[in-house]
Amino acid sequence: MTLTQTERARLSEFARIMLPGGSGMAGADDLRLWNDPVDRVLAVEPALIEPMRRILATLGCVETLNDIETVARTDPEGFKALATVLANAYFMHEKVRAEIGYPGQEARDSSLGLSEADIALIDKVRSAFVTWRRSC
Amino acid sequence: MAGTYSDVVIVGAGPSGAVAALELARAGMSVTVLEQGGWVAADEFDGARPEWELTQLRKWHPNPNVRGRPEDYPIDAAKSDINPLMFAGVGGAALIYGAHWVRFMPSDFRVRTLDGVADDWPFTYEDLAPFYEYVEEAMAVSGLSGNPAYPDGAPCPLPPLPMGRVGRKAAHGMNKLGWHWWPGSNAIPSRAWRGLQPCVLRGTCGTGCSDGAKATPDRTHWPEALKLGVRLVTGARVGEVTTDAQGRASGAVWTDRGGVRHHARGDVVILCANGIGTPRLLLMSGLGNRSGLVGRRLMMHPYAGVMGIFDEDLESWVGPAGQILVSMQFYETDVSRGFVRGAKWNCMPAGGPQSFRAGYTGGTLTEGWGAALHESVRRKFGRSFEWGIIGEDLPDSENRIVLSSSLSDSDGLPAPEIHYRMSDNTHRMLAFHTARAVEAMEAAGAIATEVTPLIRDCGWHLMGTAVMGTDRERSVVDPFGQVHDVPNLFVMDGATFPTSSGMNPTATIMAVAARSVLHLIETRSDLSPA
Ligand SMILES: Cc1cc2nc3c(=O)[nH]c(=O)nc-3n(C[C@H](O)[C@H](O)[C@H](O)COP(=O)(O)OP(=O)(O)OC[C@H]3O[C@@H](n4cnc5c(N)ncnc54)[C@H](O)[C@@H]3O)c2cc1C
Ligand code: SF4
């Protein structure tokens, strides 16, 4: 089940306002977020389509976050779905991840254990504490 | 109704059921385990996939009402301050647990004697210590032995996981204040260990480990148990513990996913269905409730968090998640603080970028979108971490589960309905602790802090609803989990806990289960009908 062109156009209105870009991060417009990136999210979570559609079917132009707040209040669940779709489409995007320096939940070596600097920090605790209390 | 027989029937294949089944099988007994959930393979978890943060919103959500799988039972939590959380599967809730591994403190077993509240346990820390050691080997606990908060240093079989930038930052702050902290101990192997892979610090422990590292019973216990002949039936929802004409347990009636009912008969029945599932079963079966305490004294550990934001990159999405550090600085009672008992702190990474967007923190629906979202992510992402606070929840008989008259599971069995209010003691405790955690963050150099006074989705730890004790009028089971009224029926999960401590409970749940089941094995000849 995919979005219609009309729905995508409506979604783009929300996306441009909610994710305008800034602070060194791309905006929804740069990423054409309402196309492939959104489809990628809906492929994983198709249950989000229906509630999001309810919001996209609302009438009236949305030009500011205040306009969106008004629409959102009419259907908080629908808005939650739309927000989830946009946020995930955005943060799953490779360009955005690169911009915020997020490699994803990557694999690293856990066997490195504690460094000498860590041990020095721990030694301070070792010498300072006996916090447990006798149980009898 | 189709029937089978084995020496012992166990309900629940989580950590407690796994300990019980494996020991019984090692002792040569025949065991049937009934588990409503199924197996979950490591590659089903999304930790290594970009959609990890998306699928935790439903598919891997810890609240069964949100997940809504047929094997979950729904929970009516409208009359509760906290949502109970769990997972149905081989491995139980451990499949999605954080694997924070901590023993209770000696004082936790002596709350009445030391602080004049609640009840003492019928055994001591020292009694349980050998069982802790035993289960810690099986659960690949990584950590640094010698924690001065414990009389014996809480030894760990595997070396600790790295502290990372987050841990070092938090530790500096604590040292500046002269407060106790210690590298976190986790049921996550820092080296390959028996059937487990070494942890790769992916940091997605709370939504399942896709790398086969985190110690969960499906990897640590069930393979050997199955080899020894344990019959583990998945998709098996138990609706009733049956009894014979003498009032002794005779087995359990369960329904398969096709709706067909079966009777698993056994000489002994052990409930390991957790602090909600076990009293639910006892109530549905009308058993063990002479004291009127079945389902009562529910404890769930109210949880608060303080986020510190720093002006440097801490890579705070790197795992484990898992606890990087712990602190027991304010764990013990100091009545001058205005409350009794205390809380454990755990230092945690902040996770992926989604945790910083609107919708997670309340406020208006669109708050935190637009330019504010970009600024917030730039300022906080990778640059923040949390001191989480697990407050000791004291038992209150009004905090309870009852059977719902209006909500049922996919087999038509009544859902549990939760009545739970946080006590004034806990409110004061969390207020004190969050204020101290803000100080700890500031000492570490935080440029801003954000306090979450109570997280509603925090009912990770389910305890107290079939309390153990020696007085049959004031407890449901004896100190080895034997139901007072039904001698061949046992409870071996957190439902038996007289108090909750301020610690994550799985270490103690597994240690107490080991103690109980080994005692059952030793004394099994006494269980035969007279
Ligand atoms: C998100 C999350 C994070 C957590 N993090 C930590 C942590 O970091 N450290 C820690 O110590 N603890 C943690 N916990 C708690 C920990 O998971 C539990 O303490 C532990 O799993 C309890 O083990 P158990 O076997 O007693 O119960 P469970 O693990 O709940 O297992 C009970 C099993 O019984 C089955 N069952 C229930 N009723 C029926 C029925 N009627 N018929 C058939 N089967 C049934 C269930 O499906 C389940 O698989 C966490 C829990 C959650 C949910
Ligand atoms: S941090 Fe380690 S245990 Fe946790 S999910 Fe990653 S690999 Fe698994």
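The values are calculated or read from the model by the stated rules, or taken from the named source; none is laboratory data. Just so it is clear, the structure is predicted and the values come from calculations on it, not from any experiment. Positions of Cβ are backbone-derived with ideal geometry, glycine not excepted, and every protein chain shown enters the neighbour counts. Each accessible area value is taken on the protein alone, full model and side chains, heavy atoms only, with ligands, DNA and RNA left out. Shrake-Rupley method; radii C 1.70, N 1.55, O 1.52, S 1.80 Å.
Listed by chain and number, the lysines whose alpha-carbon sits under 21 Å from that of B:LYS227, ignoring those within fewer than 8 places in the same chain, form an empty set. For B:PRO302, the shell of other residues with beta-carbons less than 11 Å away shows a net charge of -1, using +1 for Lys and Arg and -1 for Asp and Glu. In order along the range A:44-57, the Karplus-derived 3J(HN,Hα) couplings, from 6.51 cos²θ - 1.76 cosθ + 1.60 at θ = phi - 60°, round to 7, 10, x, 5, 7, 4, 4, x, 5, 4, 4, 5, 5, 7 Hz, and Gly and Pro are given as x.
What a 1.4 Å probe finds exposed on the protein assembly as shown is 51% carbon and sulfur by accessible area, rounded to a whole percent.
Applying the Karplus relation 6.51 cos²θ - 1.76 cosθ + 1.60 with θ = phi - 60° to the range B:166-179 yields 3J(HN,Hα) values of 4, x, 5, 4, 4, 5, 4, x, 5, 5, 4, 8, x, 9 Hz, where x marks Gly and Pro. Along the range B:181-196 the Karplus relation, 6.51 cos²θ - 1.76 cosθ + 1.60 evaluated at θ = phi - 60°, assigns HN-Hα couplings of 8, 7, x, x, 9, 9, 7, 9, x, 7, 9, 4, 8, 6, x, 9 Hz to successive residues, with x for each Gly and Pro. Past 26 Å, Cα to Cα: identify those pairs from B:LYS176/B:LYS214; B:LYS59/B:LYS169; A:LYS95/B:LYS380; A:LYS80/B:LYS380, in the order given. Listed pairs above 26 Å: B:LYS176/B:LYS214; B:LYS59/B:LYS169. Rg and Dmax, both from the Cα atoms of the range A:5-103 and both in Å, are 13.0, 39.
Computed per residue of chain B from DSSP H runs no shorter than four, each worth -39500 (n - 2.57), the mean residue ellipticity at 222 nm is -7000 deg cm²/dmol.
For B:THR243, the residues whose amide H sits under 5 Å from its own are B:SER250, ignoring neighbours fewer than 5 places away on the same chain, with H placed 1.01 Å from N. For chain B, a Kirkwood hydrodynamic radius built from all Cα pairs, placed in the Stokes-Einstein relation at 4 °C and 1.567 mPa s, yields a translational diffusion coefficient of 56 µm²/s. Toward the positive end of the charge dipole of the protein assembly as shown, with +1 on the Cβ of Lys and Arg and -1 on the Cβ of Asp and Glu, the farthest Cα among A:VAL38, B:SER316, B:VAL491 is that of B:VAL491. With only Cα atoms counted, the range B:233-272 has Rg and Dmax values of 10.5, 33 Å.
Per-residue SASA remark: B:ARG379, around 110 Å² accessible (1.4 Å probe; ligands, DNA and RNA not included). Look at the stretch A:91-104: the mean tally of other chain Cβ atoms within 10 Å of its residues' Cβ atoms is 4. The coefficient of translational diffusion for the range B:403-530, derived via Stokes-Einstein from the alpha carbon Kirkwood radius under 4 °C and 1.567 mPa s, stands at 71 µm²/s. Just check the range B:342-429 against the gyration tensor rule for me: Cα atoms, a ≥ b ≥ c as the square roots of the eigenvalues, rounded for a/c under 1.5, and otherwise prolate or oblate depending on whether a/b exceeds b/c. Judged from the Cα gyration tensor, the range B:342-429 comes out oblate (a/c at least 1.5, b/c at or above a/b). Distant-in-sequence amide contacts of B:ILE75, defined by a placed amide H-H separation under 5 Å and a gap of 5 or more residues or a different chain, comprise B:ASN65.
Using equal-weight Cα scatterers in the Debye expression, the normalised intensity of the range B:414-458 in log10 at q = 0.14, 0.15, 0.29 Å⁻¹ is -0.48, -0.53, -1.08.
Heavy-atom accessible area for B:TYR331, with the other protein chains in place and a 1.4 Å probe, reaches approximately 0 Å². Averaged over its residues, how many other protein chain Cβ atoms are within 10 Å of peptide A:117-125's Cβ atoms? Other-chain Cβ atoms within 10 Å of each residue's Cβ, averaged: 6. Using only Cα atoms, find the angle between the long axis of helix B:274-285 and the longest principal axis of chain B, and express it within 0 to 90 degrees, rounded to the nearest 10. Value to nearest ten degrees: 30.
Taking only the C-alpha atoms of the protein assembly as shown, the Rg (one decimal) and the largest Cα-Cα distance, Dmax (whole number), read 25.0, 81 Å.
Taking amide H as placed 1.01 Å from N in the peptide plane, B:ILE10 has its amide H under 5 Å from the amide H of B:THR32, B:VAL33, B:LEU34, B:ILE270, each at least 5 places away in sequence or on another chain.
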